[in-house]
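Read-outs throughout are calculated quantities, based only on the coordinates presented, and are distinct from any laboratory measurement. Values in this document were obtained by computation on a predicted structure and should not be read as measured data. Cβ placement follows ideal geometry from the backbone for every residue including glycine, while neighbour counts extend to all protein chains displayed.
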Amino acid sequence: MAKVSKDEISYLDEIVRKHSTKPGPLMPVLHDVQKTFGCVSYEAQKYLSKKLNISCSEIYSVITFYSQFSVKPRGKYSIGVCMGTACYVKGSQRILDKVFSLLNVGIGETTPDGLFTIAPTRCLGDCSKAPALMIGDEVYSNLSVDSVEDIIDKYR
Amino acid sequence: MDKNTLNDIKNDTLNSVSFSSPKTHKKEVRRVLRNCDVIDALSITEYIARDGYFALYQVLKSYKPQGVIEIISSSGLRGRGGGGFPTGLKWNFAYQNESENKYIICNADEGDPGAFMDRSILEKDPHSVIEGMIIAGYAVGANMGYVYIRAEYPVAAKNLQIAIDSAKDNKILGKNIFESNFDFDVEIRLGAGAFVCGEETALIASIEGKRGMPNIKPPYPAKNGLFKSPTIINNVETLANVPQIILNGADWFREVGTDDSPGTKVFALAGKIKNGGLIEVPMGITLGEIIDDIGGGVFNNRRFKAALTGGPSGGCLTYKHVNEKIDFDNLTLLGSMMGSGGMIVLDDTDCMVDIAWFYLDFTVDESCGKCTPCREGTKRMYGILDKITKGDGTLYDLEKLERLAYTVKNTSLCGLGKTAPNPVLSTIKNFRDEYISHIENLRCESGVCYNLCYYFVNSDCTGCTKCARNCPVSCISGDVRELHVIDQESCIKCGACLRVCPAGAIEVR
């Protein structure tokens, strides 16, 4: 198993330093690691375990509990088609099917070029403008099946 | 900072900025949303200009903690997160439990799919929540507050952080607020995509850095909560109500609403409705007033079928309920739930069995797996619903589904499991005929369940032949300018005809 590189260690140290004085530091640390590296790898978990004095198994259990964290790297952009109730009744399943067919991958999978990951998404809170999808931090609403391709093409 | 400085800021800002009042329906009463789309959310001075932080000043300078709790208690404010527990009573528990550390948590983990009240308040008026938290902290004797906010709401978290920083710069947050010797600090903690973390004890576990799994209550968080200290967890909307109650008094708060549910409630009106969006209405308003008067009726003039309230924990209200009052107790009585305030309107093209399936799909996914009834029971219920929507269900399945629903409801550990069967029970109660139709007639009248719906050409057909030319399996027949017919045996339900028909003559039933 590969070791964490020096560069990565300096990032991890920085993140741990930022949060270690807080009570209950694990979640904020994991958020920052996920954001910086696109995942929390096994190696990073081992390193964090020593630094935070929390067992590897506990860190792993937390990562796998929450859908925002992942062990495997995610694509550059995460695409989430909102599957909230308002979007669902306004046809978000068709939008999701369109995204599947455009990218040729399923939920939780990453495209071979490493650009997109389809993330399971519940509600983006844009219900009055349903259906909606989110790419990165950008939310697109009032979608139609035909508009999806143009939106995704913007990120290619 | 003292009152004169606050007044100076207020007057200076009022001289330089003119606030416009947003368009609202005459049946709305804007209290919690009073600043939304009126002030610049990131400007603390504009918040102060709208009497912001005056309530806090008043509390710190002239009230004892018991005094604050008394006002909140007599106002009758109930938790806006869904349960409707009296806020004053909750605060009093935490106040009476002596401890070195106490905490205030603002629950902004708005997981209910179809609700966006908390997001809007945090994005557009973050200071009102901070002020509410400081007042709550003073009342119960807490010096630290956490806002637990969904990671899916990056803008709300950003705006709130800016608001926290500017409150700190103005010495409204931090040590010795308004020279009163009271210290209070607020920190944001991001959720990580787990619906169950909206449950109090799961939320606490999550902040502590554990898996967000609930614990048995009692002990309640007000006694033994975050880091084993007394903790108050209030919803965003509840906290945003607090400064207003302090400024205007408990009697003012009770001027609108019902005796048992005073005040207003913010709803996120969405789905098949003409004017969707956030609305704030007095408690006790009827369903019909919300949908027809404020919402402008159902989209595309279709027939109103149901309104879903309470999200995956709630149920549905139908046309029979349009004159029913919307408040905490009445909704529970009708087999639904207030929830955090999401209201999704459905029309006759929505299938209620499919909606129940949709919510169960959600709860199966979000069940934390700790207790067996919820982990296994919801999965089995989902399996039965899946069978029914695919046309493989039997009447015995329906009976089993109902029985299982009651078992899960009565035996689950936390609120998620206890309320997960509600959408199933409520749709069976109000739309049993739809379930029967799926099972006995193998038909989904709304045209949603793929296996159970069929394509028809109605009399609007002009005989343009477009559908026949586009059908990939050539199952549509008919002469030019004659009514066309779809051969049900060969139809693959691809929907190509529906999309190309210029006369809108293709129906799915």
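Across segment B:135-148, coupling constants 3J(HN,Hα) worked out from phi with the 6.51/-1.76/1.60 Karplus curve, θ = phi - 60°, read 4, 4, x, 5, 5, 9, x, 9, 10, 9, x, 10, 10, 9 Hz, and Gly and Pro carry x. Distance from the alpha carbon centroid of segment B:230-267 to that of segment A:47-125 works out to 37 angstrom.
Look at the alpha carbon pairs under 8 Å that are at least 6 residues apart: their mean separation over the length of segment A:77-153 gives a relative contact order of 40 percent.
How much net charge surrounds B:Gly137 when only other residues with a Cβ under 10 Å from its Cβ are counted (Lys, Arg +1; Asp, Glu -1)? Numbers along the way, then the final one.
Numbers: positive: B:Lys102; negative: B:Asp183, B:Asp185.
Summing Lys and Arg as +1 and Asp and Glu as -1 gives -1.
Looking at segment B:3-253, the DSSP beta bridges with both ends there are about 10 percent antiparallel. Computed over segment B:352-441, the range of Cα coordinates on each principal axis works out to 39, 20, 20 Å, biggest value leading.
Under the rule a/c < 1.5 gives rounded, and otherwise a/b versus b/c splits prolate from oblate, where does segment B:175-233 land using the Cα gyration tensor? Before the final figure, lay out each step's value.
On the way: a/c = 3.24, a/b = 1.70, b/c = 1.91.
Oblate, since a/c reaches 1.5 and b/c is not below a/b.
Beta-bridge orientation, chain B: approximately 55 percent antiparallel, per DSSP, counting only bridges with both partners inside. Sorted fewest first by neighbouring Cβ atoms within 10 angstrom, B:Leu398, B:Leu416, B:Leu333 come out as B:Leu333, B:Leu398, B:Leu416. Once the Cα-Cα distance is subtracted from the 0.36 nm per residue extended length, the A:Arg156 to A:Cys39 segment shows a gain of 40.0 nm. Of all alpha-carbon pairs in the protein assembly as shown, indicate the percentage at a distance above 48 angstrom. I get 17 percent for the Cα pairs in the protein assembly as shown exceeding 48 Å. Residue exposure proxy: B:Glu402, B:Glu187, B:Glu152, ordered by other Cβ atoms within 10 angstrom of their Cβ from fewest to most, comes out as B:Glu187, B:Glu402, B:Glu152.
May I ask what percent, to the nearest 5, of DSSP beta bridges between residues of segment A:77-153 are antiparallel? Of all bridge pairs located within segment A:77-153, approximately 70 percent are antiparallel. Here B:Asp329 and B:Asp292 are evaluated by their C-beta separation; at R0 = 25 Å the FRET efficiency comes out at 0.60. Every helix of 4 or more DSSP H residues in chain A counts as -39500 (n - 2.57), and over all residues that averages to -13000 deg cm²/dmol at 222 nm.
Based on C-alpha pairs under 8 angstrom that are at least 6 apart in sequence, segment B:352-441 has a relative contact order of 36 percent.
The mean sequence distance of close C-alpha pairs (under 8 Å, at least 6 residues apart), as a share of the length of segment A:6-65, puts its relative contact order at 30 percent.
The phi-based Karplus calculation (6.51 cos²θ - 1.76 cosθ + 1.60; θ = phi - 60°) puts the 3J(HN,Hα) values of segment B:349-365 at 9, 9, 9, 5, 5, 5, 5, 4, 4, 4, 5, 5, 4, 5, 5, 4, 5 Hz, whole numbers, x for Gly and Pro. Once you sort the root eigenvalues of the Cα gyration tensor of segment A:88-156 as a ≥ b ≥ c, which label holds: rounded (a/c under 1.5), prolate (a/b larger than b/c) or oblate (the other case)? Cα axes put segment A:88-156 in the prolate bin.
Applied to segment B:413-418, the Karplus parametrisation 6.51 cos²θ - 1.76 cosθ + 1.60 on θ = phi - 60° returns per-residue 3J(HN,Hα) values of 6, 10, x, 4, x, 5 Hz, with x for Gly and Pro. Close amide-amide hydrogen proximity is noted between B:Ala151 and B:Gly191, B:Ala192, B:Gly193, each under 5 Å apart and 5 or more residues distant or on a separate chain (H modeled in the peptide plane; Pro and chain starts excluded).
With R₀ set to 30 Å, the beta-carbon distance separating B:Val500 from A:Asp137 gives a calculated FRET efficiency near 0.20. Across peptide B:352-365, the average count of Cβ atoms from other chains found within 10 Å of a residue's Cβ is 2. Summed over qualifying helices (DSSP H, 4 residues or more, each -39500 (n - 2.57)) and divided by its residue number, chain B shows a 222 nm mean residue ellipticity of -11000 deg cm²/dmol. Taking 13 Å as the cut-off, the amide N atoms of segment B:488-509 that come nearer than this to a point 7 Å along the Cα-to-beta-carbon line of B:Asn300 belong to B:498-499, B:504-509.
In this simple spin-label model, placing a label point 7 Å from the Cα along the Cα-to-Cβ direction at both B:Asp169 and A:Asp113 gives a separation of 4.2 nm. Segment B:78-126 and segment B:15-66 have Cα centres separated by 19 Å.
The slack between B:Val17 and B:Asn101, meaning 0.36 nm per residue of separation minus the straight C-alpha distance, is 26.1 nm. For chain A, the convex hull drawn through the C-alpha positions has a volume of 130 cubic angstrom per residue.
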